[in-house]
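Please read the structure below before turning to the comments.
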Amino acid sequence: MIAEFRGRTAVLTGAASGFGLECARIGATRGMNLVLVDVQQDALDAARVELEATGVQVLARRVDVSDAAQMEALADAVKERFGAPHFVFNNAGVGAGGLVWENSVADWNWVLGVDLMGVVHGVRLFVPMMLEAAARDPAWRGHVVNTASMAGLLTPPNMGIYNAAKAAVVSLTETLYQDLGLVTDQVGASLLCPYFVPTGITTSDRNRPGALAAGAETPSQMIGRAMTAKAVGSGKVSAADVAAMVFDAMAENRFYVFSHPKALGNVKSRMEHIVAGINPADPFLERPDIGERLRAQLRE
């Protein structure tokens, strides 16, 4: 159980927009020291100015979370300024769609680099610091929150890279929870699985590095981008709502955080098919119109 946030330090990747920024705003209202990490400098600067105005201590760093050396430098800076962080939000994420065989190596390297390796670096660099702090002080408490997606629990078509990256984050975080349980009761973990929530992820190409530039979009990628943008843009649950859910989960030491619990029906169907050895369930079982429209567009 996390009972106190004031004066504690939080590291947040993807902190200049979406869930990261909303979690930082809650952290500011609770008097936390904030380490803001993002790759988009102008948005990061704006977030820093906003949050410093609340009176909390802020360290803002432009960091590509997929880059091991940059993340190592970040960890050193955090330790020097604040010591071991009490909270780590491995939240930075990007998205790419299309039929899985049409994605380029650059697509794979970009999405897996940010969505998976960003989490890996956050865990491998900050968790040891947290465990050392816990070993020195029996009253010390910490928590890691990794952002996956409902796509990590389902296999919606036309977005294979994103599904694979987020499924890996689900597995990594569940294992992190089990591993932490072997060595300490002072550091917890939670897994955030949002569904369609309006954030900046549908325009994440704005931060795609030139070295991993995308080629010309295929028809499936154009269709996927348009459908995702429409679904995300019409979402009724806000990023601020989800951030509040995350803080509630940390306070209760609750592992799974779902923005749309009703979507778990699809997860249950998938798991039942796996256990029964039945071919994969229809991901559009509850919305067959979406599946029909996607098939029609791809077969034109």
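Worth a mention:
- The chain: calculated mean residue ellipticity at 222 nm from DSSP helix runs of at least 4, using -39500 (n - 2.57): -15500 deg cm²/dmol
- Net charge of Cβ neighbours under 13 Å - reference ASN109; Lys, Arg +1; Asp, Glu -1: -3
- Ranked by the mean number of other Cβ atoms within 10 Å of their residues, highest first, the peptides 257-266, 287-296 come out as 257-266, 287-296.
- Cα Rg over Rh - the stretch 74-165, Kirkwood: 1.11
- With the cut-off at under 16 Å, measuring from each backbone N in the stretch 57-77 to a point 7 Å along the Cα-to-Cβ line of ARG124 picks out 64-76.
- Neighbourhood charge, 13 Å Cβ-Cβ cut-off, centred on ALA164 and excluding it, Lys, Arg +1 and Asp, Glu -1: -1
- Options ASN146, LEU131, VAL257, ranked by Cα towards positive dipole end of the stretch 9-298, top entry (Cβ charges): VAL257
- Dipole magnitude of the chain, debye to nearest 20 (Cβ charges: Lys/Arg +1, Asp/Glu -1, about Cα centre): 360 debye
- Qualifying lysines (Cα of each under 20 Å from Cα of LYS236; at least 8 residues distant if same chain): LYS262
- 5 angstrom amide H check on HIS143, placed H, neighbours 5+ away: PHE87, VAL88, GLY188
- For the stretch 16-102, the Cα-based Rg and Dmax, in that order, read 14.3, 50 Å.
- Mean Kyte hydropathy of 1.0 or more with a Cα span along the axis of at least 30 Å, helices from DSSP in the chain: none
Laboratory data are not the source of any read-out in this text; all were calculated from the coordinates shown. Small disclaimer: the values here were computed from a predicted structure and weren't measured. No Cβ is skipped: glycine too gets one built from the backbone with ideal geometry, and neighbour counts run over all protein chains shown.
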